[in-house]
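J.: Have a look at this one.
The values are calculated or read from the model by the stated rules, or taken from the named source; none is laboratory data. Treat the numbers as computed from the prediction; the structure is a model and nothing was measured. With ideal geometry, Cβ positions are generated from the backbone for all residues, glycine too; neighbour counts draw on all protein chains shown.
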């Protein structure tokens with residue numbers, strides 16, 4: 001069972017890098033691998049705004065990616081923080097699918 005408090009804090013602190021998704025769903029989660037890219041592009045836009053000023057059109061397109069990523073992961077942290085323990089356990093526990101149906105007992 002995953003620690004809900006740790007997942008919430010990972011989402012607040014390391015959310016734009018996908019750390020909370022790696023913790024909750026493992027290395028096979030595709031969104032965890034895609035989440036750092038908009039954050040890094042947004043940081044690049046911030047760097048361009050610092051170097052070239054706010055008149056740089058590329059920084060105007062890239063900087064909102066960082067803001068949306070931070071806002072989205074903060075909302076995700078609030079969602080996980082307010083989720084009940086039983087609902088959080090059910091959403092992160094893999095479901096066991098039986099390999100074949102059981103035959104009814106005879107006789």
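J.: Where in segment 1-73 are there helices (runs of 4 or more DSSP H), lying wholly inside it, with at least 1 residues that are more than 23 Å from residue 84 (Cα to Cα) and without any contact (Cβ under 8 Å) to a residue 60 or more places away in the chain?
T.: Fully inside segment 1-73 and qualifying: 30-34, 36-52.
J.: Residue 53: at pLDDT below 90 and over 16 Å from residue 3 (Cβ atoms), yes or no?
T.: Working: at pLDDT below 90: yes; over 16 Å from residue 3 (Cβ atoms): yes.
So residue 53 fits the description; yes.
J.: All but one of (1) out of contact with any helix residue (DSSP H, G or I) (no Cβ under 6 Å at 6 or more places or on another chain); (2) surrounded by 12 or more Cβ atoms within 10 Å (Cβ to Cβ) hold for residue 50; state the number of the condition that does not hold.
T.: (2)
J.: Do you know which residues across segment 1-50 are under 12 Å from the mean Cα position of the chain (by Cα), modelled with pLDDT of 90 or more and over 16 Å from residue 70 (Cβ atoms)?
T.: If the condition is that a residue be under 12 Å from the mean Cα position of the chain (by Cα), modelled with pLDDT of 90 or more and over 16 Å from residue 70 (Cβ atoms), then 33 is the only one that fits.
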